[in-house]
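Notes follow the structure.
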Amino acid sequence: MKRQLKKSHIWGALALAAAAVTAVPATAQAADSTGPVTGIGGKCLDVRSGATSNGTPVQLYGCNGTDSQKWTFSYEPGRAGSPLVALGKCLDVASSGTADHTPVQLWDCNGTGAQTWVRAEGGVLLNPQSNKCLDVPGGNTADGTRLQIYTCNYSQAQRWDFPTGNGNGSGNGRPSADELKKQVLQLVNDYRAQNGKAALTYDPAVEHIAQDEANEEARRQQQGHWTFDGTLNARLKQYGFSHQPGATGENAAGARGFWTDAQSVVKAWIGHEEHRKIMLGDYAYTGVGLVIDANGTYWWAQDFVG
């Protein structure tokens with residue numbers, strides 16, 4: 001069968017389609033961030049009264065250094081999203097709710113979407129299952145204010161600061177390139193699932209191909225498909241791809257001031273017919289490339305292999 005080579009990129013400001021999207025993939029080493037998580041008013045994410053029973057409310061409270069305010073956020077290769085753990089239990093959206101104002105609580109860790117969180121651009125904590133953010137109702141800074149999920153608006157009521165020095169962040173409070181690449185994988189896989197398509201497997205060789213493209217976009221300061229050509233199969237083999245490649249596809253994006261987080265670039269791809277077709281194609285493997293250049297421009301590429 002003749003190998004199909006499909007590619008698509010975005011050449012300017014693109015109207016973004018509204019879509020339920022989510023978060024994170026797999027190249028960094030496993031690492032933890034442990035300590036207090038602070039929000040509006042300099043107050044802490046807190047387990048009410050330090051209780052450990054399922055259903056215990058999680059609230060905003062004055063920082064006091066107790067274990068009820070010590071949260072661990074773990075990054076693991078191949079894992080989509082991460083739990084937030086305190087007192088041996090997980091931050092959980094009550095009853096796996098997806099509606100605005102659904103409260104959050106402490107619950108036995110079970111690996112479900114109700115306990116998956118993504119540290120996204122703007123300092124928010126996104127719950128991919130609901131596509132909503134951890135939120136302080138009304139921005140109320142009173143001790144004991146119970147937290148909820150709410151449509152992401154990037155206000156101070158949704159900004160959360162984590163301990164520094166976990167080795168995964170960019171050093172400026174923003175997600176690192178590795179974190180953002182992880183987020184794109186699950187965003188795309190979630191969109192495929194919504195449309196009856198099988199999840200893509202993240203492959204290091206395909207990631208290498210995508211990173212080549214992102215590097216070249218950054219070098220040229222122009223989005224495109226500069227390295228997505230007839231040498232693709234040979235380079236996949238060179239990079240250790242262990243499968244027989246079939247059809248291939250690539251989405252790319254990059255423009256100063258645009259698509260500075262995983263959600264925005266995936267929404268842009270979803271909102272454009274050719275990108276969307278590639279995202280929903282009959283592929284098995286994927287990899288994401290990203291360069292954040294000195295000008296703060298984000299150069300993206302995602303490659304797909306059947």
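The values are calculated or read from the model by the stated rules, or taken from the named source; none is laboratory data. Computed from a predicted structure; not experimentally measured. Cβ placement follows ideal geometry from the backbone for every residue including glycine, while neighbour counts extend to all protein chains displayed. Accessible surface is based on the protein model in full, side chains and every heavy atom, while ligands, DNA and RNA are left aside. Shrake-Rupley method; radii C 1.70, N 1.55, O 1.52, S 1.80 Å.
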If we ask which residues in region 255-275 are within 20 Å of residue 181 (Cβ to Cβ) and outside any loop (DSSP other than H, G, I, E, B), their number turns out to be 10
Take residue 13 and tell me if it is surrounded by fewer than 18 Cβ atoms within 10 Å (Cβ to Cβ), farther than 29 Å from residue 194 by Cα and modelled with pLDDT under 95. no
In region 207-240, residues that are part of a helix (DSSP H, G or I) and over 13 Å from residue 289 (Cα atoms) total 9
Check your understanding: Looking at region 298-306, is at least one residue closer than 11 Å to residue 206 by Cα, buried (at least 22 other Cβ atoms within 10 Å of the Cβ) and among the hydroxyl-bearing types (Ser, Thr, Tyr)?
Key -> no
Over region 119-143, the set of residues outside any strand (DSSP E or B), open to solvent by 20 Å² or more (accessible area, probe 1.4 Å) and either out of contact with any Gly (no Cβ under 7 Å at 6 or more places or on another chain) or among the aliphatic types (A, V, I, L, M) (or both) is 121, 122, 131, 137, 138, 139, 140, 142
* Does residue 34 qualify as being open to solvent by 40 Å² or more (accessible area, probe 1.4 Å) and either of a type in the set (Ser, Thr, Tyr) or not in a loop (DSSP other than H, G, I, E, B) (or both)? -> yes
Exactly one of 198, 252 is out of contact with any Pro (no Cβ under 6 Å at 6 or more places or on another chain), outside any strand (DSSP E or B) and not aromatic (Phe, Trp, Tyr), and that residue is 198
Selection from region 276-291 of residues surrounded by fewer than 19 Cβ atoms within 10 Å (Cβ to Cβ) and either out of contact with any His (no Cβ under 8 Å at 6 or more places or on another chain) or not in a loop (DSSP other than H, G, I, E, B) (or both) yields 276, 277, 280, 281, 282
So, first residue touching a residue at least 12 places away in the same chain (Cβ under 8 Å) in region 132-152, second residue among the basic types (Lys, Arg), Cβ within less than 7 Å, six or more apart or across chains; the pairs are 141/43; 149/132; 150/132; 151/132; 152/132
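Could you tell me whether region 74-87 includes any residue that is basic (Lys, Arg) and at pLDDT below 95? Break it down stepwise before answering.
Taking region 74-87 as the starting set, the residues that turn out to be basic (Lys, Arg) are 79.
Narrowing the set further to residues that are at pLDDT below 95 leaves 79.
Checking region 74-87: at least one residue is basic (Lys, Arg) and at pLDDT below 95.
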Counted residues in region 97-115 being open to solvent by less than 60 Å² (accessible area, probe 1.4 Å) and either closer than 23 Å to residue 49 by Cα or of a type in the set (Ser, Thr, Tyr) (or both) come to 8
When region 144-179 is checked residue by residue, the ones that are assigned to a helix (DSSP H, G or I) and modelled with pLDDT under 90 are 177, 178, 179
Residues in region 202-252 that are without any contact (Cβ under 8 Å) to a residue 24 or more places away in the chain, open to solvent by less than 70 Å² (accessible area, probe 1.4 Å) and in contact with a helix residue (DSSP H, G or I) (Cβ under 7 Å, 6 or more places away or on another chain) total 1
